[in-house]
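Visitor: After the structure tokens below, expect a handful of questions from me.
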Amino acid sequence: MEAVPEDWDRALAIVAHPDDLEYGGSTAVAKWTAQGKTVTEVLATRGEAGIDGMDPDEAARVRTVEQIEAARIVGVETVEFLDLPDGTLEYGLPLRRALAAAIRRHRPEVVISVNFRETFPGGGFNMADHRVLGLAVADAIRDAANRWVFRDLELEPWQGVRFALFGGSPRAGHYVDVTGHLRSGIDSLLAHRVYFSSLGADFDAAEFLTGMAEPTGRAVGVEHAMTFELIET
């Protein structure tokens, strides 16, 4: 497994829902912002369909607040929401267009997103929004670079994305040494307090993230590490 290159200054994290980035990705973000890098977050939805016992409008409000706080904890100042429908994201040109526009606006060198493969490491079937969003991100990077695609956006093309990182992938071949930043990642996950309390099950954020970071760290010779699938663009 290879280390993720860190000779860059600007990254854009694009995920489907509030809390998607916090299952490991935000721990790496905490390291990068501590280095002085700028990371911006764009969320396709506000997670309004994620709390069964709460009206979607209220859930959207609560989860928006929780995501902004989770981002603040790991040094992210800008969080944008595309306000697409939670649970029913569709792969296609409208989604690619919205993501390409975000990439052209923010002009990142690195894009961070979620696992778009059918399964998670070790088994479990991945959810539809993650599969759709992650794949659309990979395609939107190329769309954003091509001045003849989505010309109606009236945004200059951006060809500066060097690679994309997809967290939680069963095909991960790269890692980020997050030693010294795990606590920030745990706190960012804990920021989703109302969401987790609504699930009606005990969830130990520290145990979950430590259980990811320690074995990976041992495998690569550091204390704590998070894995990513890296796709060059």
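The values are calculated or read from the model by the stated rules, or taken from the named source; none is laboratory data. Just so you know, these numbers come straight off a predicted model, no measurement behind them. All Cβ positions, glycine included, derive from the backbone under ideal geometry; neighbour counts span all protein chains shown. For accessibility, only protein heavy atoms count, side chains too; no ligands or nucleic acids. Shrake-Rupley method; radii C 1.70, N 1.55, O 1.52, S 1.80 Å.
Visitor: Residue check: is D52 open to solvent by 20 Å² or more (accessible area, probe 1.4 Å) and at pLDDT below 95? Full working, then the answer.
Guide: Numbers: open to solvent by 20 Å² or more (accessible area, probe 1.4 Å): yes; at pLDDT below 95: yes.
Criteria met by D52.
Visitor: Among residues belonging to the stretch 18-39 that are more than 10 Å from the chain's Cα centre (by Cα) and of a type in the set (S, T, N, Q), point out the one that is surrounded by the most Cβ atoms within 10 Å (Cβ to Cβ).
Guide: Looking only at the stretch 18-39, we keep the residues that are more than 10 Å from the chain's Cα centre (by Cα), and these are 27-28, 30-39.
Next, from what is left, pick out any that are of a type in the set (S, T, N, Q): 27, 33, 35, 38.
Values: T27: 29, T33: 20, Q35: 10, T38: 17.
Among those that are more than 10 Å from the chain's Cα centre (by Cα) and of a type in the set (S, T, N, Q), it is T27.
Visitor: Still on this structure, I have one more. Among what's in the stretch 171-188 and is out of contact with any Gly (no Cβ under 9 Å at 6 or more places or on another chain) and in a helix (DSSP H, G or I), pick the residue that is most open to solvent (accessible area, probe 1.4 Å).
Guide: R183
Visitor: For the stretch 92-121, which positions are assigned to a loop (DSSP other than H, G, I, E, B), of a type outside the set (D, E) and more than 15 Å from I14 (Cα to Cα)?
Guide: Keep residues of the stretch 92-121 that are assigned to a loop (DSSP other than H, G, I, E, B), which gives 92, 107-109, 115-118, 121.
Subset that is of a type outside the set (D, E): 92, 107-108, 115-117, 121.
Result: G92, R117, P121.
Visitor: So how many residues does the stretch 1-17 have that are part of a strand (DSSP E or B), loosely packed, with under 13 Cβ neighbours inside 10 Å and not acidic (D, E)? Walk me through how you get there before you give the answer.
Guide: Let us first name the residues in the stretch 1-17 that are part of a strand (DSSP E or B), namely 2-3, 10-15.
Among the residues that remain, those that are also loosely packed, with under 13 Cβ neighbours inside 10 Å are: 2-3.
Then drop every residue that is not not acidic (D, E), which leaves 3.
The total comes to 1.
Visitor: Search the stretch 131-162 for residues being part of a loop (DSSP other than H, G, I, E, B) and of a type in the set (D, E), and hand back the single one that is surrounded by the fewest Cβ atoms within 10 Å (Cβ to Cβ).
Guide: Of the stretch 131-162, the ones part of a loop (DSSP other than H, G, I, E, B) are 146-150, 154-162.
Narrowing further to those that are of a type in the set (D, E): 154, 156.
Numbers: E154: 8, E156: 11.
Here the residue is E154.
Visitor: Could you look through the stretch 189-233, keep only residues that are outside any helix (DSSP H, G or I), at pLDDT 95 or above and of a type in the set (A, V, I, L, M), and pick out the one that is surrounded by the most Cβ atoms within 10 Å (Cβ to Cβ)?
Guide: Per the stated criteria, the residue is M226.
Visitor: Further question: Those residues that are among the hydroxyl-bearing types (S, T, Y), out of contact with any helix residue (DSSP H, G or I) (no Cβ under 8 Å at 6 or more places or on another chain) and farther than 15 Å from E22 by Cβ, I need them from the stretch 38-77; list them, please.
Guide: Pass one, the stretch 38-77, residues among the hydroxyl-bearing types (S, T, Y): 38, 40, 45, 64.
Okay, now just the ones that are also out of contact with any helix residue (DSSP H, G or I) (no Cβ under 8 Å at 6 or more places or on another chain), so 38, 64.
Answer for the stretch 38-77, where residues must be among the hydroxyl-bearing types (S, T, Y), out of contact with any helix residue (DSSP H, G or I) (no Cβ under 8 Å at 6 or more places or on another chain) and farther than 15 Å from E22 by Cβ: just T38.
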